[in-house]
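The values are calculated or read from the model by the stated rules, or taken from the named source; none is laboratory data. Predicted model only: the values in this text are computed from it and were never measured. Glycine also receives a Cβ, built like all others from the backbone with ideal geometry; neighbour counts cover every protein chain displayed.
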Amino acid sequence: MLGRGIARRVRPSIIRLMIPGAALEETEAGLVPVSGGWFVLNARQARWFHREGRGESLPFTGSTEFEAETYFPQVGINLAVLGPGEAIGMYHWEADQEALLEEVLA
């Protein structure tokens, strides 16, 4: 009977708004999301890229234009690990509004 009471209180429109989880696929370089939706991923298991002079990069929202536009349009989240003397970033132009969240660990 408890289940019936809960079902009556949850509006069907709210259920339709829930976003499904993304599928993760194991590659040689690590785990990669291969569909749209939310996901939880341990950075140690993810696909990292080495960028000469710019450290190591983990693009959570896709490393190719296809991945970024297909799975995570309008969102870009990256984790970067920089060594001594490596540049924190490079200037680039965006057509859409952009914000930067930066955390520096010493």
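Does any residue of the stretch 53-74 turn out to be more than 26 Å from Gly85 (Cα to Cα), assigned to a loop (DSSP other than H, G, I, E, B) and modelled with pLDDT of 85 or more?
No, that holds for no residue.
Hey, Glu94 hits all of (1) modelled with pLDDT of 75 or more; (2) assigned to a loop (DSSP other than H, G, I, E, B); (3) exposed (fewer than 10 other Cβ atoms within 10 Å of the Cβ) but one; which does it fall short on?
(1)
Consider the stretch 35-49. How many of its residues are farther than 12 Å from Phe72 by Cβ and either surrounded by 10 or more Cβ atoms within 10 Å (Cβ to Cβ) or touching a Ser or Thr at 6+ places or on another chain (Cβ under 9 Å) (or both)?
Counting residues in the stretch 35-49 that are farther than 12 Å from Phe72 by Cβ and either surrounded by 10 or more Cβ atoms within 10 Å (Cβ to Cβ) or touching a Ser or Thr at 6+ places or on another chain (Cβ under 9 Å) (or both) gives 7.
Residues are listed down the side, and each one gets a yes or a no for (1) hydroxyl-bearing (Ser, Thr, Tyr); (2) at pLDDT 80 or above; (3) over 12 Å from the mean Cα position of the chain (by Cα):
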residue: Ala22; (1), (2), (3): no, yes, no
residue: Gly36; (1), (2), (3): no, no, no
residue: Phe39; (1), (2), (3): no, yes, no
residue: Arg51; (1), (2), (3): no, yes, yes
